Amino acid sequence: MKMSRKWMIGVVVVAVAMAGAGCGKKVSEDLAEETVEEGLGADEVVELQLDSDAAPVESEEGAIDVQVGAGAQIPANFPKDVYVPAQANVLSAITMPDGVNLSLQSAESLSAVLEQYVEEMRKQGWAADVTMETVESAMYSYAKGERRAHVVLRTDEGGTTIQIAIGKED
């Protein structure tokens, strides 16, 4: 399975639906199921139970593990050559057969986190091939061999929100 934009958008919607599962759980489950089914393809049928902080999903492609909330952790298969700020809190982690999506919160400023990413990803052999920066956000797309790493940083009240999506080249 290659990482597509459609799939990554679906993954983010699933995480948001899970985070709001406390209110209107059935609506959140239906939305999440439809989104994952769309991302996996028309032949896939997905059943989610959003009564906890984790929601495993089975597909023909393999297992997908979704974690949100206080129990979310950096997945064991998260690439060691992708920078993660040491003091960042994990908000959500989604593991797919050929990719990982991680959402983090850092107390540091956007500029400090961005500076760390630029330096650390370079040190690990990643090449930034697409970049975009604004006053309140930054997006860097990195390539290394057949892998891609997309890093999106956004300023928020508590510091910086970090979204990392890693997968194979489209």
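Points worth noting:
- Given their separation in residues at 0.36 nm each and the Cα-Cα distance between them, Gln105 and Glu146 gain 12.0 nm when the chain is fully extended.
- Formal net charge of residues neighbouring Gln116 (Cβ-Cβ distance under 14 Å; K, R +1; D, E -1): -2
- Rough spin-label spacing in nm, given labels placed 7 Å along Cα→Cβ, for Ser137 and Gln87: 2.5
- Most to least accessible of Ser106, Ser111 (protein chains only, probe 1.4 Å): Ser111, Ser106
- Among 143-151, 130-138, 80-88, the order from most to least packed when residues are scored by Cβ within 10 Å on average: 143-151, 80-88, 130-138
The values are calculated or read from the model by the stated rules, or taken from the named source; none is laboratory data. Quick caveat: nothing in here was measured; it's all calculated off a predicted structure. So basically every Cβ, Gly included, is an ideal-geometry build from the backbone, and we count neighbours across all protein chains shown. The protein model used for the area step is the full one, side chains on, heavy atoms only, and it has no ligands, DNA or RNA in it. Shrake-Rupley method; radii C 1.70, N 1.55, O 1.52, S 1.80 Å.
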